[in-house]
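K.L.:
Below you'll find the structure I mean.
FYI, it's all coordinate maths here, none of it is from the lab. Small disclaimer: the values here were computed from a predicted structure and weren't measured. Here the Cβ positions follow ideal geometry from the backbone for every residue, glycine too, while neighbour counts run over all protein chains shown.
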Amino acid sequence: MLDKWSRVVDHWSVTGEDDAGYVPPEEAVHIRTTEQLRAVNNLVRHRVLAVLRDGPATITQIADRLDLAKGSSSYHVRVLERAGLVHVVRTRQVRGVIERYYAHVARRIDLPEPVGGERDVLLQHAVADLATAPDDAPRYVRMQHTRLADAQFAEFERRLGELLDELRDARDADAPAATVAVAFFRPGPGAAR
């Protein structure tokens, strides 16, 4: 079990509503075991989870969306399934083969805060995803160093949370994808201060 929990982080927000009306049965799944943490720490599995945000998909559909071999797609989905993050929501027979549709078990995945000195999996995935953005795609990247009193820090943290909630709620299933990653923190020794 993971012992260090300072607070949970709202990570993936799943629409949970596809053409077949699938709605994840849980509000949140909390990453509590090493197996679960390993499952979400992998970039390919992060991207599999991203495909499933829009609703259930088969191994073949996931493989096609991510330009993966079906065997690789199958392996990563099985790891996520064993970790309790995705499950089979329906099946159908196609030319004598049972096709399984996988989906998120919850609307969001809550991760523990990283232990001091460890890399943050969310930011690692965000940087990797940013690297895939086309050169002509709109993007806004900014880093700001400042000094804030504790009360100011808490107020900005609250406002950032509200802005992210507003962004999540503004989702348009027919619009192009957009990603935001926020890290608001007090830097430690050796960091730019």
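K.L.:
Counting other Cβ atoms within 10 Å of each Cβ, which chymotrypsin sites (Phe, Trp or Tyr not before Pro) in region 62-154 have at most 10 and sit in a DSSP loop?
P.N.:
When the chymotrypsin sites (Phe, Trp or Tyr not before Pro) of region 62-154 are filtered for loop state and at most 10 Cβ neighbours within 10 Å, 140 remain.
K.L.:
For the pair residue 67/residue 33, report the inter-label distance in nm, with labels modelled 7 Å from Cα in the Cβ direction.
P.N.:
Going by the 7 Å Cα→Cβ label model, 3.4 nm.
K.L.:
In which sequence would 33, 146 go, from the one with the fewest C-beta neighbours within 10 Å to the one with the most?
P.N.:
If I rank by nearby Cβ atoms, fewest first, I get 146, 33.
K.L.:
For the chain, with only Lys/Arg (+1) and Asp/Glu (-1) charged at the beta-carbon, what is the dipole magnitude about the Cα centre, in debye rounded to 20?
P.N.:
640
K.L.:
Excluding the sites themselves, what is the longest stretch of the chain that contains no GluC sites (Glu not before Pro) in a DSSP loop with at most 13 other C-beta atoms within 10 Å? Can you show the working numbers first?
P.N.:
Numbers: sites that count: 17, 118.
Here the longest segment lacking exposed loop sites spans 18-117.
K.L.:
How large are Rg and Dmax for region 50-110 when calculated on the C-alpha trace, in angstrom?
P.N.:
Calculated on Cα positions, Rg and Dmax stand at 11.3, 39 Å.
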